[in-house]
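Just below is one structure, and these are the notes that go with it.
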Amino acid sequence: MRAKFVGIVSVCLLTICCSGVRASSFGPSVADYGSIQEAIDKNPGLMVYVPAGDHEIDTTIQIRKDGSGLFGPGRIVQKNKDQHIIDIDGVKDVRLSDLTLTRAEGSQDTELAGINVERSEGVEIRGLRIIENRSPRGCIVVANCKEMRIDECTIRNYKTMTIDDRTNNPELSGYAFRSVDGTGIKVHHSQGIEIVGNRIIEDRYLPTKEVRDEYKLGDLTIKPEKPGRLMPQDVFDTGYTNNWHQGAAVQVSGPEDTDRILIRGNYYENAAQGMDIHADHVIISNNLIYHAMIGMKAMHGAKNVLIDGNQFVAADLWGLLLMPGSASHGDQPEAENEVTKAPNIDGGTIVSNNLFSDFGYGGQNWNWADRQPEYPEQNVIAILFGQLEENPPLRTVLITGNLVYNSGAESEEDDIETRYNYALYLEEERQPAPVSIKVVNNHFEPGKKGVSNVDLE
């Protein structure tokens, strides 16, 4: 009996000791320091544990040493709207995982990011929840970075009311207007970036008539003496633009040098644009876009983009848009007597095995229906001309294996109707018109005007 008792005590002691070892294996903990910043600074190159509970801050958490990072079940609450939550700059191999980041009441509408990452390499952001960081700047912002991964994060409510100011180039635009704007993940001037398995959802600022009227969205705040080349004449005449829903769930830009991007298995809900792509060598696969003004667009010098196996559900303006943008160009001298800038062109793209459904039922059909616009709107797949006459044309695109499903044909009820004009609109006349576009083995159900504006036989 005594031997059995000693054995039980020994097992209990061993369990306690082992439990202590497991607890200490977390390494340095925020609980042992006066602040999160102090814990990071005193443990350079180490992951710092953030225990459960709220951890309030009023200055940006800065990570400036290679190999550092934060992890744990804690919730970091930024009280200052004029500060990022976390800023990572000039480092390698930093990691953030499993945290919740948010802002206190009164600081949720901000001009700054939840996580700002610049000039860094090998950064990993995994399993975070970023809630109520409502900013036109973006929720997770990545600039001038390499070999970075963002995966399994949840971003909720990232849009805010702001002014979309386009006055910096009067020749092109020269005006400003009230908008709702925000981006879940924004990447620019970066290479080797993976965005995988994230959920990016907006359920606060939705594009309803009531929201538009309450915030006077679309009203011009600055009007030029004459319209720029990209300012629609009706906007100049009326002092109003219906293009007030701005931003994207994911935006990848900086087309002159942004390259090698993988966007896979993400879920987007109530975005202005599901994905806004201005980059080269991009793979976009197995994403689900639910309720968006535009499911996805690629322009401004988007080359060698593979768009495969995505679901576009309930887009209202375009399901997928490909076109050259104002930033697209051919060989271009940077300045007199300087080396010629390499071309920034659009094309070499494959659109395959995507499914488009419920077009026009994303909540903003009311804002786009029955217009006579400059651009052909409310087509599921649109392959368009360049924004400027000097843009090189979109070229060499393969469109194959896609299904456009006419949800409006399911029912004879009056409130269920077909809301797209064509399954595919391919510009043939306005210049610079796309060239070398191959369309084969798709199943396109006809819209209000037919399957396509061109003969697909």
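Worth a mention:
- The residues neighbouring L322, those whose beta-carbon lies less than 9 Å from its own, together hold a net charge of 0 under the Lys/Arg +1, Asp/Glu -1 convention.
- Other residues lying with their Cβ under 11 Å from the Cβ of P255 contribute a combined charge of -4, Lys and Arg counting +1, Asp and Glu -1.
- Point-to-point label distance, D370-E214, nm (Cα→Cβ direction, 7 Å offset): 2.5
- Whole-number percent relative contact order across the chain, with pairs defined as alpha carbons under 8 Å at least 6 apart: 8
- Degrees separating the helix 2-24 axis from the principal Cα axis of the chain, which is the longest one: 40
- The calculated P(r) of the chain, using every Cα pair and 20 Å bins from 0, goes 23, 51, 20, 4, 1 in percent.
- With a cut-off of 20 Å on the backbone N, the residues of segment 356-392 near the modelled label site 7 Å out from D331 along Cα-Cβ are 390-392.
- With K and R counted +1 and D and E -1, the other residues having a Cβ less than 12 Å from that of A292 yield a net charge of -4.
- Cross-link reach list, aspartates and glutamates versus K42, counting only Cα pairs under 14 Å and skipping chain neighbours closer than eight places: D32, D66
- Among the listed pairs K159/K341; K146/K341; K297/K341; K146/K209, a Cα-Cα separation exceeding 30 Å is found for K159/K341; K146/K209.
Read-outs: derived from the displayed coordinates by stated rules, not from any lab. On a predicted model such as this, the values are computed, not experimentally measured, just so you know. Methodologically, a virtual Cβ is constructed for each residue, glycine included, from the backbone with ideal geometry; neighbour enumeration extends over all protein chains shown.
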